[in-house]
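The values are calculated or read from the model by the stated rules, or taken from the named source; none is laboratory data. It should be emphasised that the depicted structure is a prediction, and the values quoted were computed from it without experimental measurement. Because the Cβ atoms are built from the backbone with ideal geometry, glycine has one as well, and the counts that use them run over all protein chains shown.
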Amino acid sequence: MALDPSPRSGPYEARQASGQRMEVQRGGGPANLADILERVLDKGIVIAGDIQINLLDIELLTIKLRLLVASVERAQEMGINWWESDPSLSSHAKELEEENEDLKARLERLEERIGLPPAEPGEEVVVETRTREVVEEDEEPSKDELLREAQILDIPGRSTMSKEELARALEEVEEPEGDR
């Protein structure tokens, strides 16, 4: 029994007898690439994955991958707009860079003027400031201040008391036992 290698008419035959290509249109069939891309950009798609490298049950490296593919409009609807504030993506990147350099130079001049040593590149500079609070005796304390003091003294029911009740309770606690 010999096999005939010539194609017969069927679903795999792409040409008609005249040699022209036959176009096949399918209703409701699979979408083309443009349709798929339009749908993905309209709805958005998230691809997430984790890569872990372990050696003898010791985790050496973990890489968490998160990829969001969406149109700009869809991303903004989701609250994602980091490109609007990224200076490297802004049309004003050069202006921002110059302003940043000016501010750095101004900061260095101010540090020199007050006698701070210059910071090393990459060094975090922590400046401690001291403030002096002047409290006048004539001013009445606020309810928050009274509440803090009542909390320190562990006065029961303090959270439901009015300002006047807190002041009275604090006065009673501060009075010596013999004065009552």
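Some values worked out for this structure:
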item	result
Selected residue (criterion: surrounded by the fewest Cβ atoms within 10 Å (Cβ to Cβ)) from residues of region 101-145 that are closer than 30 Å to Ser162 by Cβ and at pLDDT 70 or above	Glu139
Lone unmet requirement of (1) loosely packed, with under 10 Cβ neighbours inside 10 Å; (2) modelled with pLDDT of 75 or more; (3) in a loop (DSSP other than H, G, I, E, B) for Ile80	(1)
Single residue of Ala150, Ala167 found to be modelled with pLDDT of 70 or more, assigned to a helix (DSSP H, G or I) and either in contact with an Asp or Glu (Cβ under 9 Å, 6 or more places away or on another chain) or under 30 Å from Glu111 (Cβ atoms) (or both)	Ala167
From the options Leu61, Leu103, Leu89, Leu96, residue that is closer than 30 Å to Pro121 by Cβ and either in a loop (DSSP other than H, G, I, E, B) or β-branched (Val, Ile, Thr) (or both)	Leu89
